[in-house]
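Enquirer: One structure, pasted below without further comment.
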Amino acid sequence: MAGEEKKGSNLFERLKKGLSKTRKSMVKSIDEMIFGEKVIERDIFEEIEETLIAADVGAAFTQDLIDDMREIAKRQDLNNPEILRKILRDNIAFILKKSEAPLDIPKDGLFTIMVVGVNGTGKTTTIGKMAMGFKDQGYSVMLAAADTFRAAAIEQLDVWSQRCGVPMIRQQMGADPSAVVFDALHAARAKKTDILIIDTAGRLHTKVNLMEELKKVKRIMGRELPGAPHEVLLVLDATTGQNALAQARMFGDEVGVTGIVLTKLDGTAKGGIIIRIARELHTPIRYIGIGEAPDDLRVFKSIEYTDALFE
């Protein structure tokens, strides 16, 4: 039991470290404003608003928050600036809680995950880390290299396949991605595999072709296995800030997204984008990425995230 507590503590400390840039730019900046005040002045709301907008939490969330702060300050707490910090924390926790929804993988039958996203978001690495995590939980896993337009993507997925000790279905570069998926589905069913994870292309500069290709992959999956894909998981790079939100809307509109992975949170001071994604998209956030190690891909837990941001 003590070992489990220590491991949990270490993981939380790594989460805190991963969110340190966002905590410094957003929470600590606001703390400095608040704790330097004896009473709440009008200027402090404008300063808090500027800080939140800079952290990419979004104008709508910021406005709602500032309105709450003004109302409470007006009613009862003009002499207690610390109440503003509590309002901020409670609002963030409330928004994020709505998007907390870990993947629910049934015990029987093949569960298929189609992973989408633009190149450079960490899509293939995320797939490898997921495969490792699922295998550690006792699931049998298979990978499918359906990004056939980049040799590097196939090779990178192959490295993860060998590292995790899970099979991978592939064809030569330039092959039809749907053909790879067709083969993978039949192989996974023949081997009674629990989870099939499919890597897809992310060539944003050929957006129309890409989206049509992804739609075709979905159609093939649904035809060969009714109900598939069971999860369309979108990988977003937190360092791109508002571009991540635009990508989420685009993929959501075109191919449908059932879950989000937000990577590279350790590399940005604008981790507030997760709040904007949660508030504006209402798409479950399945995982967050806070570093390079395999277990730095973490199941998203809103309370843990909020605690790491504020402690």
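The values are calculated or read from the model by the stated rules, or taken from the named source; none is laboratory data. Values in this document were obtained by computation on a predicted structure and should not be read as measured data. Methodologically, a virtual Cβ is constructed for each residue, glycine included, from the backbone with ideal geometry; neighbour enumeration extends over all protein chains shown.
Quick grid of which residues meet (1) under 28 Å from Gly227 (Cβ atoms); (2) without any contact (Cβ under 8 Å) to a residue 12 or more places away in the chain; (3) aromatic (Phe, Trp, Tyr):
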position	(1), (2), (3)
Ile48	no, no, no
Ala59	no, yes, no
Ile92	no, no, no
Gly109	yes, yes, no
Val115	yes, no, no
Met142	yes, no, no
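Enquirer: Going by the structure shown, is Ile277 part of a strand (DSSP E or B), at pLDDT 90 or above and over 15 Å from Met26 (Cβ atoms)? First the steps, then the outcome.
Expert: On the way: part of a strand (DSSP E or B): no; at pLDDT 90 or above: yes; over 15 Å from Met26 (Cβ atoms): yes.
When the stated conditions are applied, Ile277 does not pass them.
Enquirer: Still on this model: Quick check on my filter: what residues within segment 155-182 are at pLDDT 95 or above and small (Gly, Ala, Ser)?
Expert: Scanning segment 155-182 gives Ser161, Gly165, Ser178, Ala179.
Enquirer: Collect the residues in segment 266-282 that are under 20 Å from Lys98 (Cα atoms) and buried (at least 18 other Cβ atoms within 10 Å of the Cβ), keeping them in residue-number order. Lay out the reasoning, then the answer.
Expert: Taking segment 266-282 as the starting set, the residues that turn out to be under 20 Å from Lys98 (Cα atoms) are 271-282.
Gly271, Gly272, Ile273, Ile274, Ile275, Arg276, Ile277, Ala278, Arg279 - these are the residues of segment 266-282 that are under 20 Å from Lys98 (Cα atoms) and buried (at least 18 other Cβ atoms within 10 Å of the Cβ).
Enquirer: Now a separate question. Can you find a residue that is modelled with pLDDT of 85 or more, on the phi > 0 side of the Ramachandran plot and either surrounded by 13 or more Cβ atoms within 10 Å (Cβ to Cβ) or over 18 Å from the mean Cα position of the chain (by Cα) (or both) anywhere in segment 103-113?
Expert: Scanning segment 103-113 turns up at least one residue that is modelled with pLDDT of 85 or more, on the phi > 0 side of the Ramachandran plot and either surrounded by 13 or more Cβ atoms within 10 Å (Cβ to Cβ) or over 18 Å from the mean Cα position of the chain (by Cα) (or both).
Enquirer: Okay, moving on. Starting from residues that are of a type in the set (S, T, N, Q) and within 24 Å of the chain's Cα centre (by Cα), keep the ones in segment 149-167 and report whichever is surrounded by the fewest Cβ atoms within 10 Å (Cβ to Cβ).
Expert: Going residue by residue through segment 149-167, those that are of a type in the set (S, T, N, Q) are 156, 161-162.
Now drop any that are not within 24 Å of the chain's Cα centre (by Cα), which leaves 156, 161.
Details: Gln156: 19, Ser161: 21.
The qualifying residue surrounded by the fewest Cβ atoms within 10 Å (Cβ to Cβ) is Gln156.
Enquirer: Restricting to segment 168-185, what's the tally of residues that are surrounded by fewer than 21 Cβ atoms within 10 Å (Cβ to Cβ) and under 16 Å from Phe111 (Cβ atoms)?
Expert: Going through segment 168-185 one residue at a time, the tally reaches 0.
Enquirer: Pull out all pairs, ordered by first then second residue, where Cβ-Cβ is under 9 Å, the residues are six or more apart or on different chains, the first lies in segment 186-215 and is without any contact (Cβ under 8 Å) to a residue 60 or more places away in the chain and exposed (fewer than 13 other Cβ atoms within 10 Å of the Cβ), and the second is of a type in the set (D, E, K, R) and not in a helix (DSSP H, G or I).
Expert: Asn209/Arg203
Enquirer: If you don't mind, there's one more thing I want to ask. For segment 212-246, which residues satisfy the criterion of being within 25 Å of Ile274 (Cβ to Cβ) and aliphatic (A, V, I, L, M)? Please lay out each step first, then the result.
Expert: Pass one, segment 212-246, residues within 25 Å of Ile274 (Cβ to Cβ): 214, 229-246.
Within segment 212-246, Leu214, Val232, Leu233, Leu234, Val235, Leu236, Ala238, Ala244, Leu245, Ala246 qualify.
Enquirer: Only residues that are over 27 Å from the mean Cα position of the chain (by Cα) and of a type in the set (A, V, I, L, M): list them for segment 52-72, please.
Expert: Selection gives Met69, Ile72.
Enquirer: Tell me which of these Val261 doesn't satisfy, since it passes every other one: (1) in a strand (DSSP E or B); (2) aliphatic (A, V, I, L, M); (3) in contact with a Lys or Arg (Cβ under 8 Å, 6 or more places away or on another chain); (4) closer than 12 Å to Leu19 by Cβ.
Expert: Going through the list (1) in a strand (DSSP E or B); (2) aliphatic (A, V, I, L, M); (3) in contact with a Lys or Arg (Cβ under 8 Å, 6 or more places away or on another chain); (4) closer than 12 Å to Leu19 by Cβ, Val261 breaks only (4).
Enquirer: Just one of (1) within 22 Å of Pro106 (Cβ to Cβ); (2) over 14 Å from the mean Cα position of the chain (by Cα) trips up Ala246, so point out which.
Expert: The number of the failed condition is (1).
Enquirer: Take Arg89 and tell me if it is at pLDDT below 90, surrounded by fewer than 18 Cβ atoms within 10 Å (Cβ to Cβ), in contact with a Phe, Trp or Tyr (Cβ under 8 Å, 6 or more places away or on another chain) and closer than 21 Å to Glu32 by Cβ.
Expert: On the way: at pLDDT below 90: no; surrounded by fewer than 18 Cβ atoms within 10 Å (Cβ to Cβ): yes; in contact with a Phe, Trp or Tyr (Cβ under 8 Å, 6 or more places away or on another chain): yes; closer than 21 Å to Glu32 by Cβ: yes.
So Arg89 does not fit the description; no.
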